[in-house]
Amino acid sequence: MTDKTTNSKTKKESLKRKEIIRSLADGSLFTKEVILKNIPFLLFLLFLGLVYIANHYQAEKLVRQTIELKKEIEQLKAEHLSVTSALMQISQQSEVEKLIQEKQLDLQTSEQPPKKIIINPSLCQK
């Protein structure tokens, strides 16, 4: 008895498979009510696919921008280092004296050290 039921089940399954293959081949699968009932779900899947693609493009765009900004940061760091070293070199006392002589300014280095001005707070009151 169980052999007859299993044989009938396998025959039904093989017939069902054949029907699905036949309906897929002739295109009648897509006109059936099952497909029509699932159109909202298929549209939802299409929407999710489009969102996924848009998200992927946005992520790639951000990665490209990040790489460009990192390159720009490296260039700016190198420029900062070169400008800082040039400023340090120019601001040395010997370099300042050379520039003064080259531009023929009437300036000389002071021989006397600077004097400290001390103000008595009691004299400043009104």
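Summary of computed values
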item: Residue match in region 17-29 (condition: at positive phi and either polar (S, T, N, Q) or not in a helix (DSSP H, G or I) (or both)); result: yes
item: Condition check for residue 67: within 35 Å of the chain's Cα centre (by Cα) and either assigned to a helix (DSSP H, G or I) or of a type in the set (Asp, Glu) (or both); result: yes
item: Candidates 99, 123, 87, 105, filtered to the one that is modelled with pLDDT under 90, surrounded by fewer than 10 Cβ atoms within 10 Å (Cβ to Cβ) and assigned to a helix (DSSP H, G or I); result: 123
item: Pairs with Cβ under 7 Å, 6+ apart, first in region 100-114 and more than 14 Å from residue 90 (Cα to Cα), second surrounded by 10 or more Cβ atoms within 10 Å (Cβ to Cβ); result: 107/100; 109/97
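The values are calculated or read from the model by the stated rules, or taken from the named source; none is laboratory data. Please read all numbers here as calculations on a predicted model, not as lab measurements. Don't worry about glycine lacking a Cβ; one is built from the backbone with ideal geometry, like all the others, and counts go over all protein chains shown.
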